[in-house]
Amino acid sequence: QEGSLCAQHCLNNLLQGEYFSPVELSSIAQQLDEEERMRMAEGGVSSEEYRTFLQQQPSVNMDDSGFFSIQVISNALKVWGLELILFNSPEYQRLGIDPINEKSFICNYKEHWFTVRKLGKQWFNLNSLLMGPELISDTYLALFLAQLQQEGYSIFVVKGDLPDCEADQLLQMIRVQQMQRPKLIGEEAAQSRDQRLPRSDVDQAIDVNHPFDGTGMLDEDEENFQRALALSRQEIDMEDEEADLRRAIQLSMQGSRRSELSGSLPQNVPQPSHSSQTDSLSSEELRRRRQAYFEKQQQQLQQQDQTPNLQDKATLSSSTPEPGSGGDMSEEDMLQAAMNMSLESVRNHLNSEEEK
């Protein structure tokens with residue numbers, strides 16, 4: 001519909017033709033305004049009521065948006081010999097007329113008007129906000145009108161003979177079957193606009209687990225999914241390397257201490273497999289070295305942020321680190337130290353066997 005000219009569309013849908021224009025309805029509204037002004041002037045042009053009436057908006061029967069009052073619609077229908085009766089008025093309710101025996105209704109809520117009319121043997125909702133007529137079954141008509149009343153609509157019964165129209169004549173011979181309710185004007189545009197909006201990570205995760213069409217994920221979603229898997233694998237690999245490093249350091253330190261103990265004890269004294277003191281020392285040493293390792297990692301990350309080219313200049317040392325430099329050892333230095341200590345323990349063990 002154009003602008004807010006729903007009253008014009010309501011009348012033309014009821015009569016099934018271009019019978020009224022905005023100019024004609026404006027003329028009726030101005031005529032009604034003049035009649036009301038004359039009635040107010042009968043009480044005296046200097047009265048308070050008359051001055052208040054003049055101070056109101058230019059018209060109470062229309063406005064700049066294209067709205068027209070029920071008085072304008074009622075006067076326009078009188079030209080065709082048609083009358084409006086309030087549907088829920090006591091006078092009409094006493095008649096006990098079944099709604100399906102009527103011919104048409106006009107419905108109003110705030111500033112919106114639309115027509116419900118019988119064409120042929122079927123009822124149609126001719127709301128100008130819909131993209132097409134909506135079929136209403138006879139059994140649903142009373143419920144439809146009751147629902148409108150609950151939503152605050154004012155319903156008027158149109159009494160009188162409507163002018164003939166082709167739609168009424170055609171639908172007298174055939175019946176319409178409607179498979180889908182017509183959408184509101186602008187509803188499709190809103191849906192297409194929502195589909196173009198970027199989706200959140202949650203929506204993408206849902207699509208990954210439950211693809212809508214069964215054909216798989218979009219390229220962008222698949223790329224994000226693969227990237228997340230790669231990062232997860234890297235974290236698992238780092239955890240595995242750290243676990244292997246801890247085990248190698250612990251074994252090497254246990255082996256070196258056992259060889260030292262075997263060399264210091266007399267040969268006729270049985271050597272215990274391990275002692276509580278050795279375990280406590282190895283645990284303390286392991287905690288200290290691990291703490292140094294993580295501090296070294298943190299320092300390397302900070303150095304990489306400040307000087308990106310520092311990694312190209314760094315070199316790895318394959319020599320055995322000194323005992324006092326454990327806090328500055330890298331991951332590969334610690335692994336090399338563990339291997340050297342393990343080899344040293346093996347050599348000590350072989351020397352002790354030879355001395356025996």
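The values are calculated or read from the model by the stated rules, or taken from the named source; none is laboratory data. Fair warning: this is a prediction, and the values are worked out from it, not measured in the lab. Cβ coordinates were reconstructed from backbone atoms using ideal geometry, including for glycine residues, and neighbour counts include every protein chain displayed. Keep in mind that these areas ignore ligands, DNA and RNA; they rest on the heavy atoms of the full protein, side chains included. Shrake-Rupley method; radii C 1.70, N 1.55, O 1.52, S 1.80 Å.
For ILE185, ILE73, ILE85, the ranking by accessible surface with the largest value first comes to ILE185, ILE85, ILE73, using a 1.4 Å probe.
Using the Cβ-Cβ distance between GLN180 and GLN149 with R0 set to 25 Å, the FRET efficiency from 1/(1 + (r/R0)^6) comes to roughly 0.40.
Could you calculate the FRET efficiency of GLU111 with ALA142 from 1/(1 + (r/R0)^6), where r is the beta carbon distance between them and R0 is 22 Å, rounded to 0.05? That pair, GLU111 with ALA142, gives E of 0.25. Modelled label positions at GLN291 and GLN71, each set 7 Å beyond Cα in the direction of Cβ, lie 9.1 nm from each other. Mind checking the log10 I(q)/I(0) for the stretch 6-188 at q = 0.18 Å⁻¹? Debye, one equal scatterer per Cα, no solvent, two decimals. At q = 0.18 Å⁻¹ the computed log10 ratios are -1.26. In this simple spin-label model, placing a label point 7 Å from the Cα along the Cα-to-Cβ direction at both GLU42 and GLU134 gives a separation of 4.3 nm. The HN-Hα couplings worked out from phi for the stretch 159-166 by the Karplus form 6.51 cos²θ - 1.76 cosθ + 1.60 (θ = phi - 60°) are 9, x, 8, 6, x, 5, 8, 5 Hz, whole numbers, x standing for Gly and Pro. Each residue, GLN302 and SER21, gets one label point 7 Å from its Cα in the Cβ direction; the gap between the two is 8.3 nm. The figure for LYS78 is an accessible area of roughly 130 square angstrom, using a 1.4 Å probe on the protein chains alone.
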